[in-house]
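Have a look at the structure below, then the notes.
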Amino acid sequence: MGLLDQISSSVDDMQRRWFNTLFGGGCPICKGDNTLDRKRIQGEMHAVCEQCGAVFKSVIPHGIKLIEGDERYIDMTFPINVWRTVRFLPEDDHILATCSDNLVNFYATTIGIVRESKGRNFLSYDDIFDISLVRVWCPNILHIIGFLLFLFGGIMIAIMMGPFLLVQGGVILLLPILGIGSVFLIMGRRRVYQIESPVLSKKERKDWRLKKTDSEAVRNFVNVVREQLEI
C-alpha cells in the first residue's frame with residue numbers, strides 16, 4: 001500500500017469513527033462498536049450496520065428512521081440523541097415514550113425511566129410508586145426580580161416617610177406595595193408532574209419532575225409511565 005493509500009485509509013477510518021460516535025459509538029440495535037458505515041442505497045445515503053444489518057435513514061428535519069432491523073423500532077424516527085440512549089439500554093429493554101422538558105430528556109422504557117441531561121440517570125419502575133400532578137414553588141428569575149423591586153420600593157417609602165408611618169393607618173400605605181410584590185412569588189407556584197420515589201432525596205426530586213404539563217409529548221409520556229406502573 002502506497003503512502004497516499006495509507007493516508008486515504010486513515011481519513012476513512014477517522015470519518016467512520018466520527019460517524020459511529022454520533023450514534024454513541026456504534027449500532028444502537030446490536031450494540032456493536034464502530035460497526036456502522038455509510039452506504040448509498042437507491043440513490044440515498046443510509047447508515048448500515050455491518051454486524052446486524054440494521055439500516056437507518058435520515059428524515060429531515062425529524063431525525064433518523066430505522067427502516068430495517070429490530071421490529072421494536074421499525075419505522076420509528078428519533079433524534080440522534082435518542083438513538084444514543086437506545087444504544088445505552090440493555091438488549092432486553094427498549095424505549096416506549098420520550099419527551100423533553102427544559103433541556104432535559106426523559107425516556108420511558110419497559111423497565112424504568114432514563115433522565116438525560118449532562119449524563120444519564122435511571123430509575124426502575126420498582127422504585128417508583130406514582131407520577132402525580134402537584135403544585136410546587138419554582139419561581140423563575142422574573143418572579144424573583146418582580147418581588148425584589150416591590151420589596152425595595154416598600155423599604156424606600158418607609159425610609160422617606162419615616163415618622164409618618166407611625167401615625168394611625170400609615171402602615172396601610174405599604175400593604176398594597178408589599179401585596180403586589182407577593183403576587184410575583186405566588187405566580188411562582190405551578191403545576192408539575194412529579195415522579196414519586198422513596199429512593200430520591202428531597203433535592204433529587206426536583207430533577208425528576210415535568211413542568212410542561214400542556215405538552216402532548218409530556219402527557220403521553222406520563223400515560224405510558226402510569227401504564228407500566230400498573231402492570
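Spatial offset of the stretch 107-128 relative to the stretch 33-86 amounts to 24 Å, using the alpha carbon center of each. Applied to the stretch 119-131, the Karplus parametrisation 6.51 cos²θ - 1.76 cosθ + 1.60 on θ = phi - 60° returns per-residue 3J(HN,Hα) values of x, 10, 10, 10, 10, 6, 4, 5, 9, 10, 10, 5, 10 Hz, with x for Gly and Pro. With the convex hull of the Cα atoms taken as the outline of the stretch 30-71, the averaged projected area works out to 3.2 nm².
Within a straight-line Cα-Cα reach of under 16 Å, residue 39 can be paired with the following lysines, leaving aside sequence neighbours fewer than 8 residues apart in one chain: 57, 65.
Note on the stretch 85-137: the C-alpha convex hull projects to 4.6 nm² when averaged across all orientations.
Every number in this text was worked out from the coordinates using simple rules, so none of it is lab data. Because the structure is predicted, anything quoted here is derived from the model rather than measured.
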